[in-house]
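Chemist: Got a structure for you, written out below as structure tokens; questions coming shortly.
The values are calculated or read from the model by the stated rules, or taken from the named source; none is laboratory data. For clarity, every value in this text was computed on a predicted model and none was experimentally measured. Heads up: the accessible areas ignore ligands, DNA and RNA and are worked out on the full protein's heavy atoms, side chains in. Shrake-Rupley method; radii C 1.70, N 1.55, O 1.52, S 1.80 Å.
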Amino acid sequence: MIKQQGGVFGRNPTFNNVGIDGILTVDQIVEKTASGGTTLNGVTLKNGNVVVADGKGIDFSATPGTGTSELFADYERGDFTPTIIGSTAAGVGTYSAQVGQYTKIGDRVFFNIRLVWSAHTGTGNMLIAGLPFASSSASGVAYAATIGWLSGLTLTASNLAVAYIGGGSTQVQPNQYPVGNGSAGSVPIDTAAGLIMSGQYAAAY
Amino acid sequence: MALTKISQNDKIEVVQIADGWSAIQVRCAKIISEDGVELSRTFERHVLMPDADLSLEDADVVAIAHAVFTDEAKSAYAAAQEAK
């Protein structure tokens, strides 16, 4: 309760400055002017969310650091539909598993994919299309993806499957790499196979 | 007690990928409500490049795609793909 000279204010008092040594309990804090904002030393939310205006976020620029951006302005999670395509002719396939999930934290997109397909009509090398965001096209960038499980995918003997995402792309490029030595090469598309993959990349913005 | 489910493109973003061409990122929200009160909202995303097939896209996406995917943009994108 705020008192003045022993009395109690009415329903809508106006103050220039108020100092409180103890606890102030309110139902709602409302910004009085558009430019003033509200400055608090700390905030504890009992049962609610922080809702941030579109394009705004948490600005860490007051903390030490040399990064070019310290604004945490995005978080999102959802689904996407990964699709196997051929590099020469995209083709179509029948999927018994076709799962894509993503979480975007700042500019970074984390994803996982599970695909099992058959009767695919694509030709050329295998690509995985349908990533949820286009990757950054900054000069020279590329991002690694990890294949955790393969079934029925034909590789050259003594090769391992690897994969990456190029700049400005929504596709994962699987490659195969000779065990021990050699250069990575493309993986021809298979009519039927399966894979589990996860990875991360920076989104274009 | 009426449950409703709607799907709507709640975010359509045009992102410039390189000089001359941009991608369109579409977020579709699937919203389940009960008597007008939202119970859940999930997202599904896809991205359209300038050579995308628009035949299965919603009208709001197609309208933006027609404005963004100009012949010049399609040419620039094709050239970029060829360079890769």
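Chemist: Got a number for the accessible area of B:ASP58? Probe 1.4 Å, square angstrom, nearest 10.
Modeler: Rounded to the nearest 10, the figure is 80 Å².
Chemist: So which aspartates and glutamates can B:LYS30 reach, going by Cα to Cα under 19 Å and dropping same-chain residues fewer than 8 places off?
Modeler: The qualifying aspartates and glutamates are A:GLU76, A:ASP79, B:ASP10, B:GLU13, B:GLU38, B:GLU44, B:GLU57, B:ASP58, B:ASP60.
Chemist: Another question about this same structure. Put simply, what bits of segment B:16-32 lose 40 Å² or more of accessible area when the other protein chains are there, versus the chain on its own (1.4 Å probe)?
Modeler: Going by heavy-atom accessible area, the residues of segment B:16-32 that drop by at least 40 Å² are B:ILE17, B:GLN25.
Chemist: Ok, one more. From the protein chains alone at 1.4 Å, what is the descending order of accessible area for A:ARG108, A:ARG77, B:ARG27, A:ARG114, largest first?
Modeler: Numbers: A:ARG108 75, A:ARG77 155, B:ARG27 30, A:ARG114 110 Å².
Listed by decreasing accessible area, they come as A:ARG77, A:ARG114, A:ARG108, B:ARG27.
Chemist: With the solvent-accessible surface defined on protein heavy atoms using a 1.4 Å probe, which residues belonging to segment A:134-148 display a reduction of at least 10 Å² in accessible area in the multichain context relative to the isolated chain?
Modeler: Hits at the 10 Å² cut-off: A:ALA134, A:SER137.
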